[in-house]
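These notes are about the structure you will find just below.
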Amino acid sequence: MKKIFLILAFFIFMVAPLLAQQAHFITSGTIEYEKRVNMYAVIKSSLNPKSVYDKADFESYQNKFPQFKKLKSTLSFGGNKTLFTPAVAEDNSSQFWYDVFASQPNITYSDLKSRSTAISKEIYNEDLLLTDTMRKIRWKITDETREIAGYTCRRADGIMMDSIYIVAFYTNKIPVFGGPESFNGLPGMILQVSLPHDNITWMATKVTEADVPGNTIIPPKKGKPMNRKQLYDAVKIFMKNWGKDGKVEMKLFLL
């Protein structure tokens with residue numbers, strides 16, 4: 001019996017440090033994301049198939065620009081707070097109205113402890129500041145996994161704003177319940193999130209562990225203050241005569 005106890009103690013002594021190394025968790029740092037938008041699919045879904053002008057517009061876009069538009073952003077996190085900041089787009093040459101679908105107009109601050117958020121938005125050159133509780137998303141976690149930016153991530157399917165379908169992958173090795181833009185609510189950091197029906201994906205390309213003081217992650221101040229309901233009402237009025245395209249843009253503005 002004593003011999004078995006000694007063997008067990010030796011095993012624990014040897015294996016425990018290895019398990020501790022594998023169980024390293026990151027609670028502060030930065031994540032670089034790339035947003036990819038399938039512009040050809042976005043444009044085709046908004047076209048009138050019977051319109052010669054729409055077809056000509058689409059062909060002109062295809063001749064001038066690549067299928068996927070890519071945009072960079074950074075998420076800083078620490079002290080149960082996150083700040084999502086888009087980078088300035090490198091390719092601003094396109095003047096097509098479709099580009100609103102591939103914009104990143106939001107600077108998003110989230111306090112994960114108080115469940116509050118502040119989002120600075122630019123909608124057609126008007127600056128707005130949304131302050132409200134964090135968005136609620138109904139998640140269902142699955143058994144599917146994939147590697148993203150060096151982390152094993154688990155898939156979750158979600159529904160937000162009653163009808164928008166989301167596919168996300170999160171890692172519990174970063175026990176911060178946030179993600180890009182206003183996506184949140186999973187038991188770990190979201191490293192990839194897609195809106196399959198809208199042809200948009202945010203994917204982490206690099207995770208850097210670093211000390212990020214909580215007092216450096218502060219909410220944006222720019223914009224006309226309003227809550228989520230006021231924003232919804234304002235955007236709905238602004239786009240009420242835009243038809244099908246207006247409904248799609250409205251959804252994107254409310255993210």
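The values are calculated or read from the model by the stated rules, or taken from the named source; none is laboratory data. Just so it is clear, the model here is predicted, and its values are computed rather than measured. Cβ placement follows ideal geometry from the backbone for every residue including glycine, while neighbour counts extend to all protein chains displayed. Keep in mind that these areas ignore ligands, DNA and RNA; they rest on the heavy atoms of the full protein, side chains included. Shrake-Rupley method; radii C 1.70, N 1.55, O 1.52, S 1.80 Å.
Computed values, structure above
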quantity: Rounded accessible area of Asp162 (nearest 10 Å², 1.4 Å probe); calculated: 130
quantity: Sum of side-chain charges, Gly185 neighbourhood, beta-carbon under 10 Å (Lys, Arg +1; Asp, Glu -1); calculated: +4
quantity: Segment 171-211: C-alpha gyration tensor shape, a/c 1.5 cut-off, then a/b vs b/c; calculated: prolate
quantity: Net charge, Gly158 excluded, C-beta distance under 11 Å - Lys, Arg +1, Asp, Glu -1; calculated: +4
quantity: Cut-off 12 Å between beta-carbons: net charge of the residues surrounding Met134, Lys and Arg +1, Asp and Glu -1; calculated: +3
quantity: ³J(HN,Hα), Karplus 6.51/-1.76/1.60, whole Hz, each residue of segment 61-77, x for Gly, Pro; calculated: 5, 4, 6, 9, 9, x, 5, 10, 9, 10, 9, 9, 7, 9, 10, 9, 9
quantity: Signed unit charges on C-beta, dipole axis of segment 102-255, positive-most listed residue Met226, Thr171, Phe253; calculated: Met226
quantity: Shape category assigned to segment 124-164 from the gyration tensor of Cα positions, a/c cut at 1.5; calculated: prolate
quantity: Size of charge dipole - segment 137-255 - debye, nearest 20, with Cβ of Lys, Arg +1 and Asp, Glu -1, no other charges; calculated: 500
